[in-house]
1. Measure out, as a whole number of angstrom, how far apart the alpha-carbon centroids of segment 102-135 and segment 170-216 sit.
2. Could you please state how large a percent of the accessible area of segment 81-190 is carbon and sulfur, counting protein chains only and using a 1.4 Å probe?
3. Once you have a ≥ b ≥ c as the square roots of the Cα gyration tensor eigenvalues for segment 118-196, tell me rounded if a/c is under 1.5, and otherwise prolate or oblate according to whether a/b is larger than b/c.
4. List the relative contact order of segment 1-123 as a percent without decimals, with contacts defined as Cα pairs under 8 Å and 6+ residues apart.
Amino acid sequence: MCRFLRYFFYKNFAFTFVHFWYGFFCGFSAQTVYDEWFITLYNLVYTSLPVLAMSLFEQDVNDRWSMAYPQLYEPGQFNLYFSKLAFVECIIHGVYSSLVLFFIPYGALFEAERDDGKTVSDYQSFALIAQTCLLVAVTLQIALDTTYWTAINHFFIWGSLAVYFAITFTMYSNGMYLMFPTSFPFIGTARNALNQPHVWLTIFLTAVMCVLPVILVRYLKGELKPTFSNKLRCRICQMKMIPPKQAISRLKRPSVRRSAYAFSHQRGFGALITSGKNMRIRTGEADTTGLLYYNNVALELLAGS
């Protein structure tokens with residue numbers, strides 16, 4: 001839940017502060033930097049399902065490990081996951097992302113031209129590219145925050161991104177403009193802007209610049225000051241890398257029943273000998289060495305720090 005709240009604050013800070021930076025270039029005229037339909041659908045459609053999947057399915061380890069290690073609940077009891085410091089970190093992260101999301105597309109589109117010589121530095125093209133960069137960046141961010149992946153997480157996260165492009169190309173089409181000319185003024189913007197290679201390079205560079213500091217900070221924290229949850233997940237991964245136990249192959253010999261009854265005229269030990277009961281390997285004795293080895297390995301991994 002704390003991870004859900006931090007991501008929720010981050011995506012809205014990154015969304016809102018872009019309007020603030022745009023105000024310096026539009027004379028604080030209250031003109032929105034994004035399309036009005038994008039503002040309406042941002043929290044309602046584009047980013048609602050991924051954060052819902054995180055709040056429902058996210059977990060550090062499964063229920064068995066959680067019951068075996070109550071120390072996993074201590075950070076939540078001491079407010080380490082969400083506190084005033086964590087909230088300030090969300091603000092700083094959102095402000096940094098908003099700077100990247102505004103100024104990189106602004107610099108890339110400044111006096112830029114298409115392959116046919118036409119300009120793409122108009123307001124509508126900039127609004128489309130800025131909102132596309134924003135959605136790609138927040139989608140990658142929630143993918144980094146997700147540690148327990150399910151089919152529903154994949155469907156919600158990448159499906160929401162696909163829905164954005166489908167809705168964008170539909171709303172910016174000629175047909176929607178002909179039916180509702182006042183509601184959909186961005187006619188042909190997606191078709192004319194998103195077919196340029198430098199536009200996709202701008203989107204890629206912006207998304208990388210937004211998530212790169214997060215990756216570096218988390219790597220350094222994991223190496224220099226790992227949490228108990230990080231250590232436990234690392235041990236679980238190491239245990240999964242242990243080679244499986246080799247099965248003991250038993251040679252089956254053809255049984256030929258012979259008895260000494262013909263010689264002694266009484267029931268002898270032939271049936272007992274040919275049955276192999278007195279020579280069969282006991283399963284418990286054969287597996288004792290392997291079980292002791294893997295138990296010792298598991299205990300060393302879990303007891304180590």
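The values are calculated or read from the model by the stated rules, or taken from the named source; none is laboratory data. Since the structure is predicted, the reported quantities are computational estimates derived from the model, not experimental observations. These area figures cover heavy atoms from the full protein model, side chains too; ligands, DNA and RNA do not enter into them. Shrake-Rupley method; radii C 1.70, N 1.55, O 1.52, S 1.80 Å.
1. Answer, in whole Å: 9.
2. Ligands and nucleic acids excluded, carbon and sulfur reach 71 percent.
3. Here segment 118-196 falls in the prolate category.
4. 44 percent
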